[in-house]
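I'd like to ask you about the structure that follows.
The values are calculated or read from the model by the stated rules, or taken from the named source; none is laboratory data. This is a predicted model, so every value here is computed, not measured. Quick reminder, even Gly has a Cβ in these numbers, built from the backbone with ideal geometry, and neighbours come from all protein chains shown. Remember, those area values only see protein heavy atoms, side chains included, never the ligands or the DNA or RNA. Shrake-Rupley method; radii C 1.70, N 1.55, O 1.52, S 1.80 Å.
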Amino acid sequence: MPQMNMVQAINDALRVAMRRDKRVVLLGEDVGKVGGVFRVTAGLFDEFGDARVIDTPLSEGGIIGAAVGMAMYGLVPIPEIQFADFIWPAYDQIVNELAKYRYRSGGEYPVSMVIRTPVGGGIRGGHYHSQHPEAHFVCVPGLKVVIPSNAYDAKGLLLSAIADPDPVLFFEPKRVYRAAKGEVPEGEYTVPLSSAAVVRAGDDVTVLAYGAMLYEALDASA
């Protein structure tokens, strides 16, 4: 079983999904020829071409608005917001439109799409490249929020998110993008979106953590 970091595992999940389903398309700033600012989408433009790996203008509202339209008409878009700090221009599209389409259409338009974006600090990015805005989305009916903490979960959760009929925000903690390494199966497998993993069993205290904070919790409990 190959060793991967989180960047490699997410890249592999995207490749698996795109090979399996021609409806899956990627779009975002620099996701194509450049392969993304963190190189998460590296190599996918060369394999799938510019009709499925789409470099967009710098317009987060436009990226998400276009992706919503794609999803409503049968594609499975995976838009990337280059840093989560810049998701706010798309907040209205996500919360007032994307999250509500299944309900408002009586189930006719479930809008299957995954919004990927790196979150959190740890890279000396300053106040516009270090935000962790999940609290603004987890309370919104119609949205699912996923934040992996390791490479194995990142690939399996992303494949589950892509297969989910409803919209998912997939927040990627950039502090552990390359620091969290582990064995990752080749090919397709999934990790359920609806359950948590018991990382360390105990008797006295329950500590809940996700993303990069899992490692802080483990250190504190050592």
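For the range 208-222, in order, what is each residue's ³J(HN,Hα) by Karplus, 6.51 cos²θ - 1.76 cosθ + 1.60 with θ = phi - 60°, in whole Hz (x at glycine and Pro)?
Using θ = phi - 60°, the values come out as 9, 8, 8, x, 5, 6, 4, 6, 5, 5, 5, 5, 5, 8, 5 Hz.
Report, to the nearest 10°, how far helix 60-72 tilts away from the longest principal axis of the Cα atoms in the chain, using its own Cα long axis and a range of 0 to 90°.
70
OK, next. With a 1.4 Å probe and all protein chains left in place, how much of the accessible area of the range 136-222 comes from carbon and sulfur atoms, in whole percent?
Values: 2530 of 4770 Å².
Taking all protein chains in place, the range 136-222 shows 53 percent carbon and sulfur surface.
Another question about this same structure. With θ set to phi - 60°, apply the Karplus curve 6.51 cos²θ - 1.76 cosθ + 1.60 along the range 153-166 and write out the HN-Hα couplings as whole Hz, x wherever there is a Gly or Pro.
My calculation for the range 153-166 gives 5, 4, 5, x, 5, 5, 5, 5, 5, 5, 7, 6, x, 10 Hz in order.
Right, here's the next one. Report, by chain and number, residues whose modeled amide H sits under 5 Å from the one on L169, excluding near sequence neighbours (fewer than 5 apart, same chain).
I115, K144, V145, V146
Also, I was wondering about something else. Where a Cα-Cα gap under 14 Å defines reach, which aspartates and glutamates qualify for K33, not counting those fewer than 8 residues away within the same chain?
Reachable aspartates and glutamates: D46, E47, D50, D55.
So what's the back-of-envelope 222 nm ellipticity for the chain, counting only DSSP H runs of four-plus at -39500 (n - 2.57) apiece and dividing by all residues, rounded to 500?
Details: 6 runs with 59 residues, N = 222.
Mean residue ellipticity at 222 nm (helix-derived): -8000 deg cm²/dmol.
Roughly how many Å² is the accessible area per residue of the range 4-156, as a whole number, for a 1.4 Å probe?
43
What do you get for Rg/Rh of the chain when both radii come from the Cα atoms and Rh is the Kirkwood radius? The partial results should precede the final answer.
On the way: Rg = 16.8 Å, Rh = 17.7 Å.
With Rh from the inverse mean 1/r over Cα pairs, Rg/Rh is 0.95.
Another question, then. Of G36, G120, G28, which has the largest mean-square fluctuation in a 10 Å C-alpha GNM of the chain?
In the Gaussian network model the winner is G36.
Long-range amide H contacts for V119: which residues qualify at under 5 Å (H placed 1.01 Å from N, peptide plane, sequence gap of 5 or more or a different chain)?
Amide H neighbours of V119: E172, K174.
Report relative contact order for the chain in percent, whole number only (criteria: Cα-Cα under 8 Å, sequence separation at least 6). Walk me through the numbers before you get to the answer.
Numbers: 421 pairs, mean separation 51.8, N = 222.
It rounds to 23 percent for the chain.
In the neighborhood of Y101, defined by Cβ-to-Cβ distances under 13 Å, what is the net charge if each Lys or Arg adds +1 and each Asp or Glu adds -1? Walk me through the numbers on the way to the answer.
Working: positive: K100, R102, R104; negative: E97, E108, D166.
Net local charge, Y101 excluded: 0.
Using a 1.4 Å probe on the protein heavy atoms, what percent of the accessible area of the range 1-81 belongs to carbon and sulfur?
Heavy-atom surface of the range 1-81 belonging to carbon and sulfur, 1.4 Å probe: 55 percent.
Here's something else I'd like to know. What is the distance, in nm, between label points placed 7 Å from the Cα along the Cα-to-Cβ direction at T190 and at S59?
3.5
Next question, about the same structure. Report, ordered by chain and residue number, the lysines lying within cross-link reach of K144, taken as a straight Cα distance under 19 Å and ignoring same-chain residues fewer than 8 apart.
K144 reaches K100, K155.
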